[in-house]
Each structure stands twice: as structure tokens, then as C-alpha cells.
Amino acid sequence: MAVAGTALALVLRLPLAVLGNTASAREVADFSAIQRFGDAAILLPNTAGFALLPGLAFLAAEQPERVRRLVMRVVGAGFAVGVVVAAVSIPLTEPMLELVFGDEFGGGARGLQIMLAALPAYAVLGIGWYALVALGGERGVLTVGLAGMVVAIVCAVVLVGPHGVIGAALSYAVALSVMAVLSAILLVRQLQ
């Protein structure tokens with residue numbers, strides 16, 4: 001679990017680290033601002049997943065069908081909320097950035113739109129990660145974390161240098177989206 005958690009933390013920071021070594025201070029500042037929104041968007045489903053963990057673990061042994069329905073409902077609801085929040089917030093990225101960070105950060109709006117488009121994936125990953133743990137799928141969580149690291153490294157190398165903030169936002173969103181898809185696949189297998 002420590003390796004998986006470290007991998008997730010590195011996935012979240014790798015785009016900024018590469019950008020910091022390949023881009024201007026302005027681009028680093030823009031991405032740092034938009035990354036705050038991405039980090040907050042990941043924190044909420046992670047908190048929900050963590051809150052579900054003890055109850056799911058308790059119910060898993062004696063009521064597997066109830067756990068199956070609960071996990072599918074919660075993951076589905078998280079995905080749906082992510083879709084709605086993304087649809088509402090994507091058109092408002094420039095005003096959101098300017099309101100929170102000031103007028104000089106409105107230029108990061110395109111990068112933020114990319115990161116917000118992946119909100120449904122963040123929800124699936126955050127909830128699915130802890131559901132896997134609750135159901136005895138720690139190896140699956142390790143697989144998700146390591147796969148995310150590989151994708152993040154490849155995306156960062158290929159996208160960040162040539163595309164700056166947009167490449168960093170894509171790297172962030174793509175790596176976490178791949179992790180979400182993989183965690184959903186492993187979670188469905190774990191629930192069978």
C-alpha cells in the first residue's frame with residue numbers, strides 16, 4: 001500500500017516537476033494554479049472512498065451482494081457528479097482562475113479545462129481505490145499505482161516539454177484517467 005500511495009503521489013506531481021525543468025516561470029505558475037483545482041477534485045472522492053472503507057470491509061464478509069450494489073451505486077454516483085460538475089465548470093475556467101488566483105492566471109484556462117474534463121475519472125479512482133482495499137484487492141491497488149506511474153512518465157516525457165501547460169494538464173488527466181479505468185476493471189473483477 002505504501003508503494004501504491006507513493007506512486008499516486010508521484011503521478012500527481014510528475015507533470016509539475018517536468019514542467020519546472022522545461023518551461024518558463026510563467027507556465028510553471030499557471031500550472032501550479034490549475035493543479036490546485038485538480039488536487040481538490042481528487043481529494044473529495046478519495047475522502048469519500050476512505051470513509052466507505054471500514055463499512056465495506058465489515059459488510060464484505062457477510063453481505064457481498066449488498067456490498068456489490070453499494071459500491072456500484074457510489075462509484076456510479078461519483079462518476080455522474082463528476083460529469084455534471086465538469087459540464088458546469090469547464091465553461092467557467094477563466095473566471096474561476098481569475099477569482100481565486102488573480103487576473104494574471106486566466107491564461108491557464110485551457111489547461112484547467114483539460115483537467116476538469118477528467119473529473120468523472122477522478123471520482124472513479126478515488127472511490128474505487130479504497131473499495132479495492134476494503135475488498136482485499138491490495139494487489140490491484142498496487143497495479144493501479146504502478147500502471148499510473150508508467151503512464152505518467154510516458155505522458156510527461158512526450159507531452160510536457162513540447163506542449164507546456166497543456167501537455168502537463170494532459171499528462172495529469174490521462175494518467176489519472178488510465179488509473180481510474182484500471183481500478184474500475186479490477187473492482188468489477190473483485191466484486192464478482
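Bear in mind that the values in this text are calculations on the coordinates, not laboratory data. Keep in mind that this is a model prediction, so the values were computed, not measured. We place every Cβ from the backbone using ideal geometry, glycine too, and count neighbours over all the protein chains shown.
Annotations
- Arg68-Arg13 FRET efficiency (beta carbon distance; Förster radius 30 Å; 0.05 resolution): 0.30
- Helix axis angle, 25-60 relative to the chain longest principal axis, alpha carbon, degrees: 10
- Nearest-ten-degree value, helix 64-89 long axis tilted from longest Cα axis of the chain: 20
- Förster-model FRET efficiency, 30 Å R0, Val100 and Ala80, C-beta, rounded to 0.05: 0.70
- Selection from Leu97, Val81, Ile114 lying farthest towards where the dipole of region 56-114 points positive, charges on Cβ: Val81
- Summing Cβ point charges (Lys, Arg +1; Asp, Glu -1) relative to the Cα centre of region 1-124 gives a dipole of roughly 500 debye.
- GNM result for the chain, Cα springs below 10 Å: residue of Ala175, Ala109, Ala77 fluctuating most strongly: Ala77
- Using θ = phi - 60° and Karplus 6.51 cos²θ - 1.76 cosθ + 1.60, couplings along region 173-185 (whole Hz; Gly, Pro as x): 5, 5, 4, 5, 5, 4, 4, 5, 4, 5, 5, 5, 4
- Label separation (Arg139 vs Ala25): 5.1 nm, computed from points 7 Å beyond Cα along the C-beta direction.
- Over the chain: helical MRE at 222 nm, DSSP H runs n ≥ 4 each giving -39500 (n - 2.57), nearest 500: -30000 deg cm²/dmol
- Multiplying the residue separation of Ile185 and Leu59 by 0.36 nm and subtracting their alpha-carbon distance yields 43.2 nm.
- Nearest-ten-degree value, helix 138-155 long axis tilted from longest Cα axis of the chain: 20
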